[in-house]
1. Any idea which of (1) in contact with a strand residue (DSSP E or B) (Cβ under 7 Å, 6 or more places away or on another chain); (2) surrounded by 15 or more Cβ atoms within 10 Å (Cβ to Cβ); (3) among the small types (G, A, S) is the one A:S88 doesn't satisfy?
2. Which of the residues that make up the range A:108-138 are out of contact with any Leu (no Cβ under 8 Å at 6 or more places or on another chain), in contact (Cβ under 8 Å) with a residue 24 or more places away in the chain and surrounded by fewer than 17 Cβ atoms within 10 Å (Cβ to Cβ)?
3. Could you identify the single residue in A:P86, A:P32 that is under 20 Å from A:L271 (Cβ atoms), at pLDDT 90 or above and in contact with a Ser or Thr (Cβ under 8 Å, 6 or more places away or on another chain)?
4. Got a sec? Which of B:I286, B:I244, B:I303, B:I253 is modelled with pLDDT under 95, farther than 30 Å from A:T240 by Cβ and either more than 14 Å from every other protein chain (Cβ to nearest Cβ) or surrounded by 23 or more Cβ atoms within 10 Å (Cβ to Cβ) (or both)?
5. Can you give me the ranges of the helices (runs of 4 or more DSSP H) entirely in the range A:264-377 with at least 3 residues that are within 30 Å of A:S85 (Cα to Cα) and touching a residue at least 40 places away in the same chain (Cβ under 8 Å)?
6. Please go through the range A:368-427 and give me each residue that is over 25 Å from the mean Cα position of the chain (by Cα) and at positive phi, ordered by number.
7. Residues in the range A:372-395 that are of a type in the set (S, T, Y), in contact with a Phe, Trp or Tyr (Cβ under 9 Å, 6 or more places away or on another chain) and within 16 Å of A:C349 (Cβ to Cβ): how many?
8. Does at least one position in the range A:384-398 carry a residue that is assigned to a helix (DSSP H, G or I), small (G, A, S) and under 24 Å from B:I318 (Cβ atoms)?
Amino acid sequence: MKGKSFFGLIKPQIVYPSTATAASDFKRMPAPNRATFLIRDDWDKTDKAPLKVGDVIKTGQKLIVSVDPSAYAVSSITGTVSDISPFSGDSGQNFTAVTIDASGEETPDNSWEAAAEQATLETAAEYLDALPGAPGLARFLKSEHGIHTLVVLCADKDMLVGTQQHVLTSQSEALKSGIRILKEITGIDQLFLAVPKDRVQGYGSLGAEVKAIDQKYPSARPRLVMKDVLGTVVPMGKTTEEMGVAFFSAEAVAAIGTAYETKKLPTKKTLTIIRKDGRRSLLETDLGTPIQKVLATLGETLNEKDRLILGGPMTGSAIYSDLHPVCPDTDAIMVQDHSDISFVSDADCINCGECVRACPVNIPVNMLVRFLAAGSYEDAANLYDLYTCIECGLCTYVCISKIPIAQYIRLGKHELDRAKAAEETND
Amino acid sequence: MISQKKLIVSHAPFLHCGAGITERNYNILLAALPAALVGILRFGIPALGVVSLAIASAIGWEYLFNRMAKRSISVGDGNAALIGLLFAMVLPATMPWWAVIVGTLIAIFIGKQIFGGLGSNPFNPVMLSIAILMVSWPALLDFDGMLVNYDFSFDAMYPLKVAKHMADLSPGAIDRYTAWNLLLGNQVGGIGATCGLLIILGGIYLILRGFIRWEIPVSFLVGVGLTAVCFNMADANNYAGPAIHLLSGYTLIGAFFLATDDASSPVNTIPMLLYGLLGGFMTVMIRNIGAYVDGVVFAILLINLANPLLDKIRPRAIGKVA
């Protein structure tokens, strides 16, 4: 799909695509007859359970699965709950999957209408965190969160994805009101709009200072935006929030704007579909729509031994089933044909240095991978900067030996975290 | 959410640029081949024999070691063939068959495989093998002695030997070698090491394709040139000028094909420049002051040795704390 140029002296520049071509065949999908919502919470099966199989759910109604909920979803259809089951996500995250069968007619839920009268952080966090784009307003509920700057990221973090850029062009009015409301409810006035360099013109009226980000992958990843655009380097082991900067996707802010303007919770998610032949399609669908249905709309086939990826090609996660729903943070779905899947090899590092030159944070990957392969995770972290890795995947993309470097790095971090946790319990 | 279809699941990233070890080795082979072919044309059937035997035996040793060590067969990646070709390119055309086979045995076994195979070798296998042969059978690598039965249309003295003994020879002996003639390969030397023009073209091809880094050959040649100029300026009667040093012996093949070996050269920019400069400097030092006629072999082994230390000079990782 994306290859090395014939002249290798010219560095493989992986450029974020412009959405202009993909936007021409923008599709809107009809409401699904069955939708599934993944809620990052354990299902409470007792009599006090807030949600049971057979319950009638209205469009825009909050779905809560435990008495003391830590997460929720917003239903995009009206119907009855047909199944509630636990679901294990990427890296062992626990979810509860709630499946709703549509009843055919749409009844809107009114609880948000009353709450939307007054814009406060508490009500917003209570209703809006499961909107398309996953705003994550709960970050501001902690006292002394220390966040002083907001960044609305109107570029896509992964390559080949054009979702946020499309939202920037198609929903700029909603984005404008979203920015205004966000400033109002958080009380933070410093808000930047991070826009791809080629589209910097024309967004000055949105009520935020526009900053340009480079179009070379991975410049739109929050840590690099912090370094290149805001001039603050995030030290390893710290989050951008700990450095006082909260990132929002353009879609999340637009959804907040729409929720207050229309007094209805928006449940339409914009998606980029990266197809087997490399074509990219933009499409709008309801949250909870099974991916199977999305692919069927486009006429994309999925066969045995193909790969289905939530998110982009560099940082997404491969999933087991095409019944997996579209979630608030699913910006892209990628389908890879069996014949296009490049497998890793067990060859050793030949020390060519491509990874070192590709690394955006100057990690000596050639040395790091030797220590990781040997299982010396402590040395990898202390001597060769394991923890400064931002997991962009570029080293693995360019690796001549086809070593699964990114996997080694994740394993190394995971093992060290586990060892640390074990030490803490021993103390 | 159980799907009937079994999908392939793995961690990100899901794309690869498509570059591979095999492609890399075959391209380096391709780039080295023209210079070797010109050598075969010049030195005739004996040269063809040495080249063929070197490549074949290198592949054979590699296969044997793979079987002995019960590892996967790595003959197909082209690296053994590349070692064989480069090894043959620095030999005189009349090298006896047993020396070729012993040489490739040393290169593959001691130079490469006992350290763990491709990528783990601390020294360039070809240079290590040549160094051992040079020390063990010096006469076999004396080009004037080995090529004595050839009737060349050009001056059949090994240029570096003339450069070494300038003080003892009649003044102006070194001036018989013009840069253009040396570049075209009108000189005595290794089978594939004489035709400078084709080696440079091959090197440029590799640099453009990204298979070798320009920093190493360029700094190596700058190192040779600068050091030679210094010596020449100090005593023009005793020390040859930069053209002789740059265009004869193993300088060009060393700069473009041997010093650039991935495993034994640095990956960061400043270390690459230092590595090349140091190699060039040591080459001329050994040629002018040391005991050996050509210094490239030991110079490259020395910089291979310095490589891990040099590569510690690297930019600080962004976000690193203390």
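The values are calculated or read from the model by the stated rules, or taken from the named source; none is laboratory data. Keep in mind that what you see is a predicted model, and the values were worked out from it rather than measured. Methodologically, a virtual Cβ is constructed for each residue, glycine included, from the backbone with ideal geometry; neighbour enumeration extends over all protein chains shown.
1. Unmet for A:S88, out of (1) in contact with a strand residue (DSSP E or B) (Cβ under 7 Å, 6 or more places away or on another chain); (2) surrounded by 15 or more Cβ atoms within 10 Å (Cβ to Cβ); (3) among the small types (G, A, S): (2).
2. A:P108, A:S111, A:E113, A:A119, A:T120
3. Residue meeting the stated conditions: A:P32.
4. B:I244
5. In the range A:264-377, A:291-298 are the helices (runs of 4 or more DSSP H) which contain 3 or more residues that are within 30 Å of A:S85 (Cα to Cα) and touching a residue at least 40 places away in the same chain (Cβ under 8 Å).
6. Of everything in the range A:368-427, those that are over 25 Å from the mean Cα position of the chain (by Cα) and at positive phi turn out to be A:G375, A:D385, A:K402.
7. The initial filter retains those residues of the range A:372-395 that are of a type in the set (S, T, Y), namely A:376-377, A:384, A:387-388.
Adding the requirement that they be in contact with a Phe, Trp or Tyr (Cβ under 9 Å, 6 or more places away or on another chain) leaves A:377, A:384.
Filter once more, keeping what is within 16 Å of A:C349 (Cβ to Cβ): A:384.
Going through the range A:372-395 one residue at a time, the tally reaches 1.
8. Within the range A:384-398, not a single residue is assigned to a helix (DSSP H, G or I), small (G, A, S) and under 24 Å from B:I318 (Cβ atoms).
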